[in-house]
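Quick notes on the structure that follows.
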Amino acid sequence: SELIRGFLLSGMPCPSSCPPGLLALMAPGLALMATFSLPSQAGDRRALPVEKPPGVKGRTLILLDVNTKSPVRIISENFLSLQLDPSIIHDGWLDFLSSRRLVTLARGLAPAFLRFAGKRTDFLQFHNVKNPAKSRGGPGPDYYLKNYEDDIVRSDIALDKQKGCKIAQHPDIMLELQREKAAQMHLVLLKEQFSNTYSNLTLTARSLDKLYNFADCSGLHLIFALNALRRNPNNSWNSSNALSLLKYSASKKYNISWELGNEPNNYRTLMGRSVNGSQLGKDYIQLRSLLQLIRTYSRASLYGPSIGRPRKNVIALLEGFMKVAGSTVDAVTWQHYYIDGRVAKVTDFLKTRLLDTLSDQIRKIQKVVNTYTPGKKIWLEGVGATSAGGMNNLSDSYAAGFLWLNTLGLLASQGIDVVVRHSFLDHGHNHLVDQNFNPLPDYWLSLLYKRLIGPKVLAIHVAGLQRKPRPGRVIRDKLRIYAHCTSSHNHNYVRGSITLYIINLHRSRKKIKLAGTLRDKIVHQYLLQPYGKDGLHSKSVQLNGQPLAMVDDGTLPELKPRPLRAGRTLVIPPLTMSFYVVKNVNALACRYR
């Protein structure tokens, strides 16, 4: 252990005589698991031994401790947030956001932001009319069944009579007709997406009311992205339609934050001419001036520029934007998708190289932001497992959770303040809730995260013995471990408790022995595994062996832990995700808000 500590502290290259344990500790994959600190930095605790404790078999034992004195990062209470794509106007799902079941599911993930944005943001026009039957568009005059349309109108009339939070109970036949309509529209939306040509979309005042009602009833804060592709002849932003929307929202006293556009780096493809970073910065300053003229929004938050993956041209756009409007926005935003959804395979979700692609992007974004506005908050928006709407039985399956949970852990450990998941409900397969309003595996994973994980990120340090790797093979650790203070909103645990969350991508079980301040504490296990015969492709999950499902439209199930006796070695099954609450640690970092 002294040899290992000496090389780590000196920064010297590892000689050929290094023991396998040292090679494992210095592997780049391990460094990406979380924000680690060396044993000597853990305060006044003794250094962790690397030899096996007596009575523990096997060479894959991992010794784990956490620095409990102070957090390394503090992220937003709304860290895990949600997105809705404007395509829900096209396919009709916006009319069903008042469903009790959807509101219950969204409320389970509060507090959070709800970002209304996506590929169709820059084709969205606001029209201040109330009659939904006359203003709704579609492929042809026979597209909407009359009974279906009458049901929507009757539902709207009933909602108008309610005060406060407006909740609807939609008949099964009405939902079945909507699913048929959405299935037809899905093909249209996919064709637009693959060809990168989008039709204009109309948002009525009635639709905006429904969107805001959903956010408000669910305890979510709405962020609305305005159309940035309405341009004047000199290429400056034409704000006339946005002003109409702002005035209507203000008249209703809607508490909304704002953005302008979505992935401006793609505008040349969409409109035939580009908008550079400098011009986009001027457009944001123009929007800020508009907000300040409207009393309701004079202090509203403004986020952007919501760029795509930070390649060279995108970084140039961001630099131009930050020079002009870096101080205008409250957080700098970018987007990331891991895989092309048209070619994804289940094995893709198990590749550590894929999980690690996000780290390089974080560094690039942070470098630009800290150059122009040091300390400015950074958000990752629109994140999803796959692009192009995702793949059925892949991006909506248990396997996609490995990417999602690692994204949450990695972003938190790097100080990214908010991550916005695309999407809560939409036409593709990246969503958290399907079109039967049933929660998918990533929903349950998100719910566990919300219930157990607080905003304070803790440094962990790990020591262990691993089998000698094959000659010439790069070690990439497939065991990802993150630590936070347990959520103070969870009244089952006293302040000072710590939550670990662990991703095991190995095809064998792994053993973890808690050491230092975590030693001999009672632990509550929340082990999430696929349920049913589909394995990693499953769209259902079990928690500690019990399948998870809603109790009824208004009730989520109780998330029951499995208590483990004090001092017990944690055994992590292969290809699983799990949370472990270490009770009564009395961690100084976690005692106070």
All but one of (1) within 21 Å of ASN241 (Cα to Cα); (2) over 14 Å from the mean Cα position of the chain (by Cα) hold for ARG115; state the number of the condition that does not hold. (2)
Number of the condition not met by TYR337 [criteria: (1) buried (at least 20 other Cβ atoms within 10 Å of the Cβ); (2) closer than 30 Å to THR576 by Cα]: (1)
Filtered residues of the stretch 564-585 (kept if among the polar types (S, T, N, Q) and closer than 14 Å to ASP65 by Cα): THR569
So how many residues does the stretch 491-503 have that are crowded, with 17+ Cβ neighbours inside 10 Å, of a type outside the set (A, V, I, L, M) and within 14 Å of HIS524 (Cβ to Cβ)? 4
Which of the residues belonging to the stretch 62-86 are among the small types (Gly, Ala, Ser) and either open to solvent by less than 10 Å² (accessible area, probe 1.4 Å) or more than 30 Å from LEU124 (Cα to Cα) (or both)? SER70, SER81
If you scan the stretch 570-592, which residues turn out to be modelled with pLDDT of 95 or more and among the hydroxyl-bearing types (Ser, Thr, Tyr)? THR576, SER578, TYR580
Only residues that are among the aromatic types (Phe, Trp, Tyr) and open to solvent by 80 Å² or more (accessible area, probe 1.4 Å): list them for the stretch 548-593, please. TYR592
So which residues in the stretch 53-78 are out of contact with any Leu (no Cβ under 6 Å at 6 or more places or on another chain), farther than 20 Å from VAL582 by Cβ and modelled with pLDDT under 95? PRO54, GLY55, LYS57, GLY58, THR60
Scan the stretch 154-175 residue by residue and report those that are open to solvent by 60 Å² or more (accessible area, probe 1.4 Å) and either of a type in the set (Lys, Arg) or closer than 19 Å to ASP552 by Cα (or both). ARG154, LYS161, LYS163, GLN169, PRO171, ASP172, ILE173
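Of these, TYR267, TYR284, which one is surrounded by 23 or more Cβ atoms within 10 Å (Cβ to Cβ) and in a helix (DSSP H, G or I)?
When all the criteria are applied, what remains is TYR284.
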Return only the number of the condition from (1) open to solvent by 60 Å² or more (accessible area, probe 1.4 Å); (2) within 16 Å of THR371 (Cβ to Cβ); (3) touching a helix residue (DSSP H, G or I) at 6+ places or on another chain (Cβ under 8 Å) that SER327 does not satisfy. (3)
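Would you please name the residue that is modelled with the lowest pLDDT, looking only at residues in the stretch 407-432 that are among the polar types (S, T, N, Q) and buried (at least 24 other Cβ atoms within 10 Å of the Cβ)? Break it down stepwise before answering.
The initial filter retains those residues of the stretch 407-432 that are among the polar types (S, T, N, Q), namely 407, 413-414, 423, 430.
Now drop any that are not buried (at least 24 other Cβ atoms within 10 Å of the Cβ), which leaves 413, 423, 430.
Details: SER413: 97, SER423: 90, ASN430: 83.
So the residue we want is ASN430.
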If we scan the stretch 249-263, do we find a residue that is in a helix (DSSP H, G or I), closer than 30 Å to ARG100 by Cβ and open to solvent by 10 Å² or more (accessible area, probe 1.4 Å)? yes
Select from the stretch 270-281 the residues that are surrounded by fewer than 24 Cβ atoms within 10 Å (Cβ to Cβ) and either touching a strand residue (DSSP E or B) at 6+ places or on another chain (Cβ under 6 Å) or at positive phi (or both) and list them in ascending order. GLY272
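The values are calculated or read from the model by the stated rules, or taken from the named source; none is laboratory data. What you are looking at is a predicted structure, and each value in this text was computed from that prediction instead of being measured. No Cβ is skipped: glycine too gets one built from the backbone with ideal geometry, and neighbour counts run over all protein chains shown. With ligands, DNA and RNA removed, areas are computed over all heavy atoms of the protein, side chains included. Shrake-Rupley method; radii C 1.70, N 1.55, O 1.52, S 1.80 Å.
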